[in-house]
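Report on the structure given below.
The values are calculated or read from the model by the stated rules, or taken from the named source; none is laboratory data. Just so it is clear, the model here is predicted, and its values are computed rather than measured. Here the Cβ positions follow ideal geometry from the backbone for every residue, glycine too, while neighbour counts run over all protein chains shown.
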């Protein structure tokens, strides 16, 4: 059968989609483009904001229009939190944010029988077992992904994800190491550790091992692979974490530390578990132990109650941290979260204006960070050719562009000579 898949949201969703794609191929199906004809369309949904929900509904409607006689199947976080809204769109199969292989079994049954609508959504808060899916990706990918953790218990006031994913579940270290070992032989040069909140990895395992214990294990299991971490909670970064991490030659010095606000009063309303002093301590520890690491973050502008003075504090704190890159989002009111009913909601135009100011500052900081690398030599893993230049990433996640030929999935040393359009430029050594 011809099956098309569209995925919204985070790297965990992308990882889970890749696992489904590989399994569908193993079962003898063909993967086709989402915009063309297919026997079945899968939409893997995200629900992190109300805007995400709207995008999901639009994609589901598009799939239904493309396949009036075919099967439309929906899974993921939006389907988990609001299956009734998904069902109302006339889809054939609805599953949540777990049980991917069971979802594919049900999809095949729908393709055979064209049975009435099936809704198979569990109670995420009752989940206790980690769903095991294979590491890797599709052919021609340079990076494999390995999900090592699922779930979150932070309950930030703006976030619905704990309800969509349930409590923390961890992939045991022995199993994680066994998944990493064959990746080099399969042609991958890098593995990215993903999870809903990987800083919580291990809290449900015997002895409650720390994330750095897992990282050491995986770096040893895949000595020919670069190992890259997903988003970290700032409190994960301690003196011990940095000392042990800096001793790992194949760990990429790229650390994404979620911030969301640079104002302590706003962080408190968000129910974040750190203040700006603790966050800055993490940034300074990383820069003390790693040479020119990539330190990236997320920022929400216009959170309920955020005043102009509080936003000014955030801008000043961003400058102090000097991030290499930032993802900036105007606050999106998410029904079902405490923040949605908070007083002093910020008008849309103010949220967007603050986001624009933060994005401008992010570009300024990124350029300064990139310019600091001119004159150096960096090992670059090349991924694709575009507009006559090969593009890849250094260990610290700086994008690098060079002229060349046949560089896909090759690791080459590059002399960095300049900065252009948010990337480093140079020549192969």
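Of all residues in the stretch 401-408, none are in contact with a strand residue (DSSP E or B) (Cβ under 8 Å, 6 or more places away or on another chain), outside the structural domain of residue 227 (by TED's automatic domain parsing), in contact (Cβ under 8 Å) with a residue 40 or more places away in the chain and buried (at least 18 other Cβ atoms within 10 Å of the Cβ). Among the residues making up the stretch 163-177, those that are surrounded by fewer than 20 Cβ atoms within 10 Å (Cβ to Cβ) and farther than 15 Å from residue 227 by Cβ are 163, 167, 172, 174, 175.
Set side by side, the residues 118, 153 differ, and just one is over 26 Å from residue 341 (Cβ atoms) and either in contact (Cβ under 8 Å) with a residue 24 or more places away in the chain or more than 18 Å from the chain's Cα centre (by Cα) (or both), which is 118.
Would you check if residue 289 is buried (at least 20 other Cβ atoms within 10 Å of the Cβ) and within 28 Å of residue 189 (Cβ to Cβ)? Spell out how you get there, then give the answer.
Values: buried (at least 20 other Cβ atoms within 10 Å of the Cβ): no; within 28 Å of residue 189 (Cβ to Cβ): yes.
The answer is no for residue 289.
Results for (1) more than 22 Å from residue 158 (Cβ to Cβ); (2) modelled with pLDDT of 95 or more, shown as yes or no for each residue.
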| site | (1), (2) |
| --- | --- |
| 281 | yes, yes |
| 287 | yes, yes |
| 290 | yes, yes |
| 302 | no, yes |
| 306 | no, yes |
| 314 | no, yes |
| 317 | no, yes |
| 330 | no, yes |
| 334 | no, no |
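Run down 306, 291 and say which single residue is more than 24 Å from the chain's Cα centre (by Cα), outside any helix (DSSP H, G or I) and without any contact (Cβ under 8 Å) to a residue 40 or more places away in the chain.
On the way: 306 fails: without any contact (Cβ under 8 Å) to a residue 40 or more places away in the chain.
Only one candidate passes the filter, namely 291.
Counting the residues of the stretch 26-49 that are surrounded by fewer than 22 Cβ atoms within 10 Å (Cβ to Cβ) and either under 12 Å from residue 66 (Cα atoms) or modelled with pLDDT under 95 (or both) gives 9. Among the conditions (1) closer than 26 Å to residue 277 by Cβ; (2) free of Cβ contacts under 8 Å to residues at least 60 places away in the same chain; (3) assigned to a loop (DSSP other than H, G, I, E, B), residue 396 misses just one, which is (2).
Go through 86, 74, 43, 48 for me and flag whichever is in a loop (DSSP other than H, G, I, E, B) and under 30 Å from residue 331 (Cα atoms). Walk me through how you get there before you give the answer.
Values: 86 fails: in a loop (DSSP other than H, G, I, E, B); 74 fails: in a loop (DSSP other than H, G, I, E, B); 43 fails: in a loop (DSSP other than H, G, I, E, B).
Of 86, 74, 43, 48, the one residue that is in a loop (DSSP other than H, G, I, E, B) and under 30 Å from residue 331 (Cα atoms) is 48.
Determine whether residue 152 is out of contact with any helix residue (DSSP H, G or I) (no Cβ under 8 Å at 6 or more places or on another chain) and assigned to a loop (DSSP other than H, G, I, E, B). When the stated conditions are applied, residue 152 does not pass them.
For the stretch 100-149, the tally of residues that are out of contact with any helix residue (DSSP H, G or I) (no Cβ under 9 Å at 6 or more places or on another chain), in a helix (DSSP H, G or I) and under 26 Å from residue 203 (Cα atoms) stands at 1. Being out of contact with any strand residue (DSSP E or B) (no Cβ under 7 Å at 6 or more places or on another chain) and either surrounded by 18 or more Cβ atoms within 10 Å (Cβ to Cβ) or outside the structural domain of residue 224 (by TED's automatic domain parsing) (or both) is true for just one of 380, 346. Which residue is that? Matching residue, one of 380, 346: 346.
From the residues in the stretch 233-244 that are assigned to a helix (DSSP H, G or I) and in contact with a helix residue (DSSP H, G or I) (Cβ under 6 Å, 6 or more places away or on another chain), which one is farthest from residue 212 (Cα to Cα)?
Initially, the stretch 233-244 is screened for residues assigned to a helix (DSSP H, G or I), giving 234-236, 239-244.
Now restrict to residues that are in contact with a helix residue (DSSP H, G or I) (Cβ under 6 Å, 6 or more places away or on another chain): 234, 236, 241-242, 244.
Working: 234: 14, 236: 9, 241: 6, 242: 9, 244: 7 Å.
If we take residues in the stretch 233-244 being assigned to a helix (DSSP H, G or I) and in contact with a helix residue (DSSP H, G or I) (Cβ under 6 Å, 6 or more places away or on another chain), then 234 is farthest from residue 212 (Cα to Cα).
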